[in-house]
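Notes to accompany the following structure.
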Amino acid sequence: MLDEDATQPLKELAPTAFADGSEAQDVPFGAIQPSVGIRDWLLGEGARLENASDLLAGLAQRLIDIGVPVDRASTAIDTLHSEYSGVGRVWTHETGTTVRLFPHGEASHEAYHASPFYAVHQSGEWLILDLTETPDDLFSIVPELKAEGFVAYVVVPVFFTNGTHNGITFATRAKDGFADEDIAILRFIMPALAAVMEMRIVNKQLDQVLRIYVGDEPHRAILSGDIRRGQVKRIRSAILFADMRDYTRLSADLTPEEAVELLNHFFDCLVPAIEREGGEVLKYLGDGLLAIFREPGDDLGGAAKGALTAALASLGALAEANAVGRFGDKPVAAGIALHHGEAAYGNVGSGTRLDFTVIGRDVNLASRLARLNRTLGEPLLMSKPFVDFLWGDPESLGVHPLDGFPEPMEVYRPGRARAAACMPTSRASETSAAAVLAAQTAD
């Protein structure tokens, strides 16, 4: 895992995947063929395994099969993710493979500095410990290993070609620990293991980063080859457009960091409800967002129902956040517009700089509809094409012109009974909800 302490930079060492043949020198003659078999398995089947945990378990079992007494193996892999900095996996005979995620922050940073991985990343050398002679305070994991009966522990630094620092460990309960020929076999397979680990993590990171920044379906389209300018894919869906009311006033006296925190708290009220109902957030638009709810098969009312449920739950969550003071003494309000129509994914841009974005008449209409929230003093508006898919009691607010569209459109709000069912029930939350509605009307 990468060291975030710039005052103590880690060494820049040759990638572990680089091999010159010398790693085979100490492998006993009789162990060469089975060791090559493990290397070939890593580069073949192991590289294609769907689950990284199966790679660790498969490697451990194959080492055991050729006489290397592995009772525990673990990996620590640096990753590129918005919520965590690394992934740890531990395999043992008793538990199989377990996974641990290391969140960004000081706790993970301190744990890394107290670990043997930091030590081997500093030295660039393997660490081979006889646990019967190792003091408990050398590393925090030593007492745990001893308590579980392990007598030898090997920590291997794994450097990827992209400069990241990772690692793998092996432990044994064998009375005599790891023999010299066991270490030689591990050194022989390590370049192949490092290459496979990096190949897998780079593919995973590409998938994760694309999903984080462009959404679930767009990232799949990009990875499948939709990267030429002008390529468009159409889908019919419910479209949700939401933004924060009076963001300019609310953020006028905030630092950039505080403004980002305000937006993150706001989106925390909206996004979970959207995703819970099967929606996809396609774009963050400054103080707003655009999401779609795909039609699930032949159920043409499912998308609209999910979008409306998500919108009402979002307003409820926002009222709760105001009630507990999440936004300080200034209540934050939202305007949400719901429409049903066609959304088109398209590559737009010039040269090699493209944006995979959502375009089309119905997307524009949802955006224009959202502008009416402030005019009409309503937190949630629905278009006529949207309510055509609903059962229930939407209330008409009349016909209104939409900027840029030649024909006016009838606009609706949810029936009071349905809206009340999705709003908070506590007295504090009801007060907050009233404050939100009052703020929206005032805007």
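The values are calculated or read from the model by the stated rules, or taken from the named source; none is laboratory data. Computed from a prediction, not measured in an experiment: that's the story for all the values here. As a convention, Cβ positions derive from the backbone with ideal geometry for all residues, glycine included, and neighbour counts pool all protein chains shown. For the accessible areas, the whole protein counts, side chains as well, though only heavy atoms, and no ligand, DNA or RNA atoms are used. Shrake-Rupley method; radii C 1.70, N 1.55, O 1.52, S 1.80 Å.
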Surface share of carbon and sulfur [accessible, 1.4 angstrom probe, percent] for the chain: 53 percent
Total formal charge among the other residues, if their Cβ is under 10 angstrom from that of Gly349, Lys/Arg +1 and Asp/Glu -1: +1
Net charge of neighbours whose Cβ lies under 14 Å from the Cβ of Asp137, counting Lys and Arg as +1 and Asp and Glu as -1: -2
Within segment 30-168: Cβ-based charge dipole about Cα centre, in debye rounded to nearest 20 (Lys, Arg +1; Asp, Glu -1): 380 debye
Relative contact order of segment 243-319, pairs being alpha-carbon contacts under 8 Å that are 6 or more residues apart, as %: 32 percent
Crossing angle, helix 302-323 versus the chain [Cα axis fit, 0-90 degrees, rounded to tens]: 90 degrees
Too-long pairs where the Cα-Cα distance tops 30 Å, listed order kept, from Lys283/Lys330; Lys204/Lys283; Lys146/Lys204; Lys233/Lys384: Lys146/Lys204
Residues of type aspartates and glutamates that Lys305 reaches as a straight line, Cα spacing below 20 Å, ignoring anything fewer than 8 places off in the same chain: Glu275, Glu277, Glu280, Glu295, Glu342, Asp362, Glu378, Asp388, Asp393, Glu395, Glu410
J(HN,Hα) series, segment 268-278, from Karplus relation 6.51 cos²θ - 1.76 cosθ + 1.60, nearest Hz, glycine and proline x: 4, 7, 9, 5, x, 5, 5, 5, 5, 9, x
Residues whose placed amide H lies under 5 Å from that of Val158, excluding near-sequence neighbours: Asn166, Gly167, Ile168
Under 5 Å, built H, 5+ apart or other chain: amide partners of His400: Met409, Glu410, Val411
Helix-derived mean residue ellipticity, 222 nm - over the chain, DSSP H n ≥ 4, -39500 (n - 2.57), to 500: -13000 deg cm²/dmol
Rounded tilt (10° steps) of 361-376 against the dominant C-alpha axis of the chain: 60 degrees
Placed amide H near Trp126: partners under 5 Å, 5+ positions off or other chain: none
From phi via Karplus (6.51, -1.76, 1.60), per-residue ³J(HN,Hα) for segment 87-104 in Hz, x at Gly/Pro: 10, x, 10, 10, 10, 9, 4, 6, 10, x, 9, 10, 10, 10, 9, 9, x, 4
Leu354, Leu365, ranked by accessible area, largest first (probe 1.4 Å): Leu354, Leu365
Cut-off 15 Å between beta-carbons: net charge of the residues surrounding Ala147, Lys and Arg +1, Asp and Glu -1: -3
Acute angle (nearest 10 degrees) that the helix 180-214 long axis makes with the longest principal axis of the chain, alpha-carbon atoms: 10 degrees
Hz values of 3J(HN,Hα) by residue in segment 58-69 - Karplus curve (6.51, -1.76, 1.60), Gly and Pro given as x: x, 5, 4, 5, 5, 5, 4, 4, 9, x, 7, x
Solvent-accessible area per residue, Å², over the chain with all protein chains present [probe radius 1.4 Å]: 49 Å²
